[in-house]
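**Student:** One structure follows; several queries about it will come next.
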Amino acid sequence: MRIQRSVGLLSALRFFCSESSVLRTDSPIIVSGTSSPWHGSIGVGKCDYFFSTVRTNSWQSMLKILLFGSTAISFGLNGHAVLAKDDSASESDQGDDYVVGLHRIEDSSVISNSHTIKWRIFTNNGRDLFQKGKLDEAEKFFLSALQEAKEGFGPRDAHVGSSCSNLAAIYTSRKAFDKAEPLYLEAISILEDSFGIHDIRVGATLHNLGHFYLLQRKVEQAQKYYERALKIKGRVLGYGHPDYSSTMHHLSLVLYLQGKEKDSEELLRESIRILEENGLGETITCMKRTRSLVQMLLKSKRLIEAENLQRKILHIYEISKGWSLLETIIAAEDLAKTLHFLERLEESQELLERCLNARKKILPCDDVQVAANMLHLGRITLLKSNQLRQMQPCDARSELEKAKFLADNSIRIAGVKMSTAVESQEDLQRNRLPKKTVMDRKFALIILDVDVNGIMSSLS
């Protein structure tokens, strides 16, 4: 009866999967802070957990991973929202990674006059609005800043170059690439004329232009500008600087997308090493890059290396955050999945049980993440039961009952989340439902589908 109900609910699956729900990890972000010498400029960054998300372009591909992957369900359901903040949150840990500006220049190379204050006010207001996601209002201020710069300093002044770069970031965030590209190129030309081709401000803008091309998967062009930026940063900042490490990391992504996985891995490892040597080994940025490296190792089936890095990540999170935060739980679940691949089911089961208990303490018991956790734990428990069937039949039956209990509760939670799915299709089409509600229902459908095709059929 339960399976029939689940199959009935699956009729809504095609509708949900057809909605526009791409996981966005490519939005430009602003990196700024009091230590930056160029507060007038916006930097465009890319999240460090790229290997697990950069090619996730639709819910169809996500569903394939979840429904047909060996672990069936990915537990970091909230992870995208957290991890997607990577460079905006974590690069600041490194001292304003790769973004430099005009504000504190004291070498007489920048003109200062009555227009300076107006330009700075327009720029700062635009940056603040950009950070709040108010792109239309931010664009107006940046346009005003650009006009003020041209009138006050001349069309080839560095203030104009900064304003062009800021506007380019706005247009990049909107995917108005045809408007952004000439602005980036003009900014680079002006800054090269103002400060020289080896200036760090030129390097920063080259990095941002590389990111611009990366978003469009124009990897050859992205590689060209990242490499130019890397040379400048190495020469000016030093080859052990975190800012140099940032461009190195982004270049490693480009190489990965080109299929040059060995070269990509070497750059990624080096970028992590630099962070660690600068005392940044436990920052969010370093953790995310390490998880990216783990994904590469898993892909190449180097499971033991991946396990060691995952244990390192989990240890750091346990000490710094404890089990009361989802980051630690997600790290433990990732390790549990690798242990599953290594057929160390008992260790995987123990970790997942701890994750389930921790999730129940910080999330409602009927949260879809709890249901996903139960489903995966049920699968591991079922596999363990199969292992024990021949030699320890009593223990095998006990594990089988546990698996059934977990599957039942996972289906129950998913069923509740989906109880009004069909009736709410019209609201979904009109964008009336909160995004979290939509996400919960999608994952509930996945849970039900995985269950129908998997664990319940094994238990029957």
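The values are calculated or read from the model by the stated rules, or taken from the named source; none is laboratory data. Everything numeric here is computed off the predicted structure, so don't read it as measured data. Every residue, glycine among them, receives a Cβ derived from its backbone with ideal geometry; neighbour counts consider all protein chains shown. Heads up: the accessible areas ignore ligands, DNA and RNA and are worked out on the full protein's heavy atoms, side chains in. Shrake-Rupley method; radii C 1.70, N 1.55, O 1.52, S 1.80 Å.
**Student:** Roughly what would the spin-label model give for LYS361 and SER300, points 7 Å off Cα along C-beta, in nm?
**Tutor:** Result for the modelled spin labels: 3.8 nm.
**Student:** Could you report the stretch 166-221's accessible area per residue, 1.4 Å probe, as an integer in Å²?
**Tutor:** Value for the stretch 166-221: 34 Å² per residue.
**Student:** Given the stretch 161-288 reduced to its alpha-carbon atoms as identical point scatterers, what log10 I(q)/I(0) does the Debye formula return at q = 0.19, 0.22 Å⁻¹?
**Tutor:** Reported log10 I(q)/I(0), two decimals: -1.06, -1.25.
**Student:** Zone of GLN131 (label point 7 Å along Cα→Cβ, backbone N under 19 Å): which residues in the stretch 269-291?
**Tutor:** 284-285
**Student:** Next question, about the same structure. Once you have the Cα-Cα distance between ARG235 and ILE117, take 0.36 nm times their residue separation minus that, and quote the gain in nm to one decimal.
**Tutor:** Result: 39.2 nm gained on full extension.
**Student:** What percent does the relative contact order of the stretch 165-280 come to when contacts are Cα pairs within less than 8 Å and at least six residues apart?
**Tutor:** In percent, rounded to a whole number, it is 17.
**Student:** Could you work out Rg/(2.2 N^0.38 Å) for the stretch 321-393, with Rg from alpha carbons only?
**Tutor:** 1.15
**Student:** Which of the residue pairs LYS140/LYS179; LYS361/LYS402; LYS260/LYS299; LYS175/LYS233; LYS218/LYS260 have a Cα-Cα distance greater than 18 Å in the structure shown?
**Tutor:** Check vs 18 Å cut-off fails for LYS361/LYS402; LYS175/LYS233.
**Student:** So for the stretch 235-350, averaging the separation of alpha carbon pairs under 8 Å that are six or more residues apart and normalising by length, what relative contact order in percent results?
**Tutor:** 15 percent
**Student:** Determine the relative contact order of the stretch 378-418: mean sequence separation of Cα pairs under 8 Å and six or more apart, normalised by residue count, in whole percent.
**Tutor:** Relative contact order comes out at 39 percent.
**Student:** While we're looking at this one, here's another question. Got a sec to turn the phi values of the stretch 376-388 into Karplus ³J(HN,Hα) couplings, 6.51 cos²θ - 1.76 cosθ + 1.60 with θ = phi - 60°, whole Hz, x for Gly and Pro?
**Tutor:** 5, 4, x, 5, 4, 5, 5, 5, 5, 4, 5, 5, 8
**Student:** Here is a further query. Where does the charge balance sit around LEU206 when Lys and Arg score +1, Asp and Glu -1, over other residues with C-beta under 11 Å from its C-beta?
**Tutor:** On the way: positive: ARG201, LYS224, ARG228, LYS231, LYS233; negative: GLU192, ASP199, GLU227.
Every neighbour counted, the sum reads +2.
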